[in-house]
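> This is the structure I have questions about; it appears just below.
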Amino acid sequence: MLSYYSSLSAEVYDLDKPIGKSFGDVEFYRERLAGNEGRILEPATGTGRLLVPLLEDGLHIDGFDSSPEMLDICRVHCKERGLHPKLFEADMETFRIDVEYDAIILPAGTFQLLAGREQAIKALKNFRKHLAPGGRLLVDLYVPQGFEVDRPRTRTWQTKAGEVITLESKTVEVDWIKQYSVSHNRYEKWQGGKLIQTELERFPMRWYGVEEFKLLLGSQGFEDIIVSSNYEYGQYPKNAQHAVTFEAIAHI
């Protein structure tokens, strides 16, 4: 299996979630970061869906991603708009940069791509290390909505060049004890009825309970934790279908 977010996967992500597309998070992060004059970091920045609008607002944001294909697309979007952020290839658990950030943001459940608990803890330690005293960590998480194991789901997109990309995705593993799922994704690109490119992807995803994640943040040196739901600041979750955002302060 290829790593997630290789070339076809990155292309589909950009088609499906273009720059500025919001799930409520663009406006929410805009509000939470308004007036921030220091530097901000977005791990797993992807193709720049959120990064670019915040840069256009005048915020100073760096971004990194483990996928060079995603970063290439992000660089194109930034260049087209005359934006010049610092972008680099790295992993959440191991990135190193000689900067103390005022805020680190992880929208849209990207933190849940760390399927192992030790991976997640290592990443939180690393975020804490790169935050200035009193700096903020903002993380979006989602609660699983039920799994239909081995039942494929298919979606289709058309590129600007007239090609067709199909995605067949199916959940192949769910571990309710260790709280993760694994999906297998098959991407195919077609032109004139002929298959011209294909890509396989193993896609893991971890989930957390609300109070569980608060405890995890506290154990890694974060405090003053605020939980928001459906991008309404301070609204404790009542609906499992809504995104849950955690905002925490790096302990001095």
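The values are calculated or read from the model by the stated rules, or taken from the named source; none is laboratory data. Given the structure is predicted, the values throughout are model-derived calculations rather than measurements. Virtual Cβ from ideal backbone geometry, glycine too; neighbours counted across all protein chains shown. Surface accessibility is based on the protein's heavy atoms, side chains included, excluding ligands, DNA and RNA. Shrake-Rupley method; radii C 1.70, N 1.55, O 1.52, S 1.80 Å.
> Would you mind finding the one in Asp65, Asp91, Asp25, Asp14 that is of a type in the set (Asp, Glu), closer than 22 Å to Ser183 by Cα, open to solvent by less than 20 Å² (accessible area, probe 1.4 Å) and in contact with a Ser or Thr (Cβ under 9 Å, 6 or more places away or on another chain)?
Answer to the check: Asp65.
> In the range 189-208, which residues are open to solvent by less than 60 Å² (accessible area, probe 1.4 Å) and either within 16 Å of Tyr13 (Cβ to Cβ) or of a type in the set (Phe, Trp, Tyr) (or both)?
The first filter runs over the range 189-208 and keeps only residues open to solvent by less than 60 Å² (accessible area, probe 1.4 Å), leaving 189, 199, 201, 203-208.
Across the range 189-208, the qualifying residues are Lys189, Glu199, Glu201, Phe203, Met205, Trp207, Tyr208.
> For the subset of the range 133-167 comprising residues that are open to solvent by less than 40 Å² (accessible area, probe 1.4 Å) and hydrophobic (A, V, I, L, M, F, W, C), which member is nearest to Tyr101 (Cα to Cα)?
My answer is Leu137.
> Before we move on, is Arg136 touching a residue at least 40 places away in the same chain (Cβ under 8 Å), part of a helix (DSSP H, G or I) and among the charged types (D, E, K, R)?
no
> Same structure again: Can you tell me which residue among Leu54, Leu8 is closer than 19 Å to Leu137 by Cβ, open to solvent by less than 10 Å² (accessible area, probe 1.4 Å), hydrophobic (A, V, I, L, M, F, W, C) and in contact with a Phe, Trp or Tyr (Cβ under 7 Å, 6 or more places away or on another chain)? If you could, list the steps in order and put the result at the bottom.
On the way: Leu8 fails: closer than 19 Å to Leu137 by Cβ.
Of the residues listed, the single one that is closer than 19 Å to Leu137 by Cβ, open to solvent by less than 10 Å² (accessible area, probe 1.4 Å), hydrophobic (A, V, I, L, M, F, W, C) and in contact with a Phe, Trp or Tyr (Cβ under 7 Å, 6 or more places away or on another chain) is Leu54.
> A follow-up question, please. Just to be sure, is His130 surrounded by 14 or more Cβ atoms within 10 Å (Cβ to Cβ) and either more than 24 Å from Val227 (Cβ to Cβ) or β-branched (Val, Ile, Thr) (or both)?
In short, no.
> Name the single residue, out of those in the range 100-124 being surrounded by 14 or more Cβ atoms within 10 Å (Cβ to Cβ) and either farther than 29 Å from Asn230 by Cβ or among the polar types (S, T, N, Q) (or both), that is nearest to the chain's Cα centre (by Cα).
Looking at residues that are surrounded by 14 or more Cβ atoms within 10 Å (Cβ to Cβ) and either farther than 29 Å from Asn230 by Cβ or among the polar types (S, T, N, Q) (or both), I get Thr110.
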